[in-house]
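The values are calculated or read from the model by the stated rules, or taken from the named source; none is laboratory data. As the structure is a computational prediction, the values presented were derived from the model and not from experiment. A quick note on method: Cβ atoms are made from the backbone with ideal geometry, for glycine too, and the neighbour counts reach across all protein chains shown.
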């Protein structure tokens, strides 16, 4: 039954095309970097590989956000918090791997703790020298925060713009907290100067390629899980809650439970994306909690196409590629104006986003072709004169 559900969810043309293009692109980037000489026109430099890996992590975050916004109607302006918490969990593991190779050569305490005259490792840092424990925390910490937050918010029936405001307040409060040096997370500077991950040099070319490929695999897995959820009965209930929450509650569905489950699953996905983001970028600091980051994620989903999953991933890559292009030249001071203008333009001209508009266009075109090619049914034959007379 489960296999049939997975095949049914991922067997449509859109999913196969998305996963196929994702796999081909990942193999091309990896092989062109490893096999082609730097002078080749098709060679992808290692810094571009790291940049693409960052885009893929953003795409995973966008898919996680689209799961709750596009299919359940929960406009979360705090998903950047879940992304950052997953990143901090990975950063803590990476800092524990530095050991005596740090500036102060302390075998236990990270450099920033030695600088701030910490005498012993805080209790919440214990266990992060273990990779399995750290990976568990990558999903568990964001999921636990989402569960506690959602439990109170959804049971109180907070919806709409009020829910969006309190999610934004949550991530802003976390940003202020993590800026404090006495929190034990590096304060303003955050966590950086990483050395190894599971024994491999973070800066080495093979490690960078491996991190990129793992990020692509996680994006594909995130998409597959989200696709299975939204095409199941559970997903149909989510859509019903999105379109008419009061009617779904009247029919007997426990709306708060459905919202809580999908919110926690989405938060765990965002945390995994943040964990993969950190070793490829090389730093995690409280700036990742900034409310503007969560708002940008909403723009990615809106540009690509809310409620399409593939559109969310595409929007994340397109918008961030534009950001990389336009923040390094003469237009750098005007990037935020361009981003806001893009959001307004998409909202007015393409309310369904890029992928949603294309899906609607192809659907109309296919319907028109079916109408044109369908042959009209022949009119009923009139009875022959002889038959009519004999009948009379």
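Looking only at helices (runs of 4 or more DSSP H) that lie completely in segment 159-267, which have at least 2 residues being under 30 Å from residue 116 (Cα atoms)? Even if it seems obvious, please write down each step before you answer.
Working: elements: 160-178, 205-231, 233-243, 245-250.
In segment 159-267, the matching helices (runs of 4 or more DSSP H) lie at 160-178.
For segment 45-57, indicate whether the set of residues that are part of a helix (DSSP H, G or I) and free of Cβ contacts under 8 Å to residues at least 60 places away in the same chain is non-empty. Yes, that holds for at least one residue. Do we have any residue at all in segment 152-165 that's surrounded by 17 or more Cβ atoms within 10 Å (Cβ to Cβ), touching a helix residue (DSSP H, G or I) at 6+ places or on another chain (Cβ under 8 Å) and closer than 22 Å to residue 272 by Cα? Within segment 152-165, not a single residue is surrounded by 17 or more Cβ atoms within 10 Å (Cβ to Cβ), touching a helix residue (DSSP H, G or I) at 6+ places or on another chain (Cβ under 8 Å) and closer than 22 Å to residue 272 by Cα. For the structure I just gave you, tell me whether residue 303 is in a helix (DSSP H, G or I) and surrounded by fewer than 24 Cβ atoms within 10 Å (Cβ to Cβ). Taking the combined requirement at face value, the residue does not satisfy it.
Using the structure shown, decide if residue 108 is farther than 23 Å from residue 277 by Cβ, outside any helix (DSSP H, G or I), under 25 Å from the mean Cα position of the chain (by Cα) and modelled with pLDDT under 95.
On the way: farther than 23 Å from residue 277 by Cβ: yes; outside any helix (DSSP H, G or I): yes; under 25 Å from the mean Cα position of the chain (by Cα): no; modelled with pLDDT under 95: yes.
When the stated conditions are applied, residue 108 does not pass them.
Applying a threshold of 6 Å to beta carbon distances and a minimum spacing of six or more residues, or different chains, the list of pairs starting in segment 194-210 at a residue that is under 17 Å from residue 130 (Cβ atoms) and ending at one that is assigned to a helix (DSSP H, G or I) reads 194/94; 195/101; 197/279; 198/131; 200/207. When 42, 52, 34 are checked against the criterion of being under 23 Å from residue 324 (Cα atoms), in contact with a helix residue (DSSP H, G or I) (Cβ under 8 Å, 6 or more places away or on another chain) and at pLDDT below 95, 42 stands alone in meeting it.
Which count do you get for residues in segment 280-300 that are crowded, with 24+ Cβ neighbours inside 10 Å and part of a helix (DSSP H, G or I)? Qualifying residue count for the region: 5. Exactly one residue among 275, 313, 302, 321 is touching a residue at least 24 places away in the same chain (Cβ under 8 Å) and within 24 Å of residue 191 (Cβ to Cβ), and that residue is 275.
Does segment 59-81 contain at least one residue that is free of Cβ contacts under 8 Å to residues at least 60 places away in the same chain and either loosely packed, with under 13 Cβ neighbours inside 10 Å or assigned to a helix (DSSP H, G or I) (or both)? Before the answer, list the steps.
To start, the set of residues in segment 59-81 that are free of Cβ contacts under 8 Å to residues at least 60 places away in the same chain comprises none.
No, because not a single residue in segment 59-81 is free of Cβ contacts under 8 Å to residues at least 60 places away in the same chain and either loosely packed, with under 13 Cβ neighbours inside 10 Å or assigned to a helix (DSSP H, G or I) (or both).
Go through the residues of segment 264-275 one by one and say whether even a single one is touching a strand residue (DSSP E or B) at 6+ places or on another chain (Cβ under 7 Å), buried (at least 19 other Cβ atoms within 10 Å of the Cβ) and under 22 Å from residue 217 (Cβ atoms).
There is no residue in segment 264-275 that is touching a strand residue (DSSP E or B) at 6+ places or on another chain (Cβ under 7 Å), buried (at least 19 other Cβ atoms within 10 Å of the Cβ) and under 22 Å from residue 217 (Cβ atoms).
Considering (1) in contact (Cβ under 8 Å) with a residue 60 or more places away in the chain; (2) within 24 Å of residue 280 (Cα to Cα), the lone condition that residue 132 does not fulfil carries the number (1).
Yes or no: segment 233-242 includes at least one residue that is within 24 Å of the chain's Cα centre (by Cα) and closer than 23 Å to residue 289 by Cβ.
Within segment 233-242, the first condition is being within 24 Å of the chain's Cα centre (by Cα), and the residues that meet it are 233-242.
Add one more test, that the residue is closer than 23 Å to residue 289 by Cβ, and what stays is none.
Among the residues of segment 233-242, not one is within 24 Å of the chain's Cα centre (by Cα) and closer than 23 Å to residue 289 by Cβ, which makes the answer no.
Comparison of 150, 199, 186 shows that the only residue that is out of contact with any strand residue (DSSP E or B) (no Cβ under 7 Å at 6 or more places or on another chain), within 19 Å of residue 270 (Cα to Cα) and at pLDDT 90 or above is 150.
Residues in segment 112-124 that are crowded, with 19+ Cβ neighbours inside 10 Å and out of contact with any helix residue (DSSP H, G or I) (no Cβ under 8 Å at 6 or more places or on another chain): 113 alone.
When you look at residue 355, is it more than 19 Å from residue 17 (Cβ to Cβ) and either touching a residue at least 12 places away in the same chain (Cβ under 8 Å) or part of a helix (DSSP H, G or I) (or both), yes or no? Let's see the steps before the verdict.
Details: more than 19 Å from residue 17 (Cβ to Cβ): no; either touching a residue at least 12 places away in the same chain (Cβ under 8 Å) or part of a helix (DSSP H, G or I) (or both): yes.
Taking the combined requirement at face value, the residue does not satisfy it.
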